[in-house]
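Reviewing the structure listed below.
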Amino acid sequence: MRECPERPIFGPESPRLDPPDPPEVSTRRSLAKAVSWRVVGTLDTLFLSFVILTFLGPLFGLEDASNADNARVATWIALTEVATKLTIYYLHERGWARIGWQVSIDDEGHRVEGPARSAVKTGTWRVLASLDTMVLAFIFTGNIATAVSIGGFEVITKMVLYFVHERAWRRIRWGVVPDAGA
C-alpha cells in the first residue's frame, strides 16, 4: 500500500503561486522606480520640513526664523536627500528583487507581487529612509528635536505614499524580464 504524502501546512496550493523561476526584475526598472519615488519623496520632505521648521521650530528652541530661512533649510534637507535616498532606495530595491517571497506568476505569465510583500517593503524602506532624514535634518538644523519631528511625521505620510507607489508599479510590466530558461 502506497502512502500519500501529506499536504504541506504552509505553501502554495498551486504551482503557479510558487513558481520555480519567477521573472527577473531588471536593474533599469529598479532605477526607474528609485527616480519616480525620489520625486514623490523629495516633495513630501520639502513640504514637511518647511511646515515643521515654521510651526514647531520655535517650540524646540530654534530662533524665530523667517519663512525664507525655513524654506532654505527645508530645501537643503530635501535636495541632499535626493543623493542619499536614491542610493539607499536602489540598494533596497535590488535586495528585494532577490527575495522571492510573495511573488507569483499570473495566468499570462507576468510577475505579480502580493500586498503583504508591498507592506513589508514599505516598513523596511521607511526605517532606512526615516533614519536618513533624521540625520540630514540634524545636520542642517543642529536640533535633535526638530530632526526627530521631521523624521517622525514623514513616517506617516511616506508610508502611505510608498505603499501607493509600490502598488502602482505593480501594474507596470516594463523591466520585468521573463526567465530565459522558460
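Any read-out appearing in this document is the output of simple, stated calculations on the displayed coordinates, not a laboratory observation. Note that this is a predicted model, so its numbers are computed, not measured. Here the Cβ is made from the backbone with ideal geometry for all residues, glycine too, and neighbour counts use every protein chain on show.
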Report summary line: Around residue 74 (Cβ within 14 Å, Cβ-to-Cβ, excluding residue 74; K/R +1, D/E -1) the net charge comes to -3
Query raised in the report: Can you sort 24, 81 so the residue with the fewest Cβ neighbours within 10 Å comes first?
Result: 24, 81
Requested in this report: In a Gaussian network model over the chain where Cα atoms closer than 10 Å are linked, find which of 126, 170, 98 has the largest mean-square fluctuation.
Outcome: 98
Query raised in the report: Three principal axis extents, largest first, for the C-alpha atoms of the chain, in Å?
Result: 83, 34, 20
Requested in this report: May I ask for the net charge around residue 125, where only other residues with Cβ less than 13 Å from the Cβ of residue 125 are counted and Lys, Arg are +1 while Asp, Glu are -1?
Outcome: +4
Query - Local electrostatic count at residue 88 - Lys and Arg +1, Asp and Glu -1, tallied over other residues with Cβ under 12 Å - result: +1
Requested in this report: Return the long-range amide H neighbours of residue 105 (sequence gap of 5 or more, or a different chain), with a cut-off of under 5 Å between placed amide H atoms.
Outcome: 112
Requested in this report: Using only alpha carbon pairs under 8 Å that are at least six residues apart, calculate the relative contact order of the chain and give it in whole percent.
Outcome: 34
Report task. Calculate one ³J(HN,Hα) per residue across segment 56-72 by plugging θ = phi - 60° into the Karplus curve 6.51 cos²θ - 1.76 cosθ + 1.60, and present them in order as whole Hz with x for glycine and proline. Result -> 9, x, x, 5, 9, x, 6, 4, 5, 7, 6, 4, 5, 5, 4, 5, 5
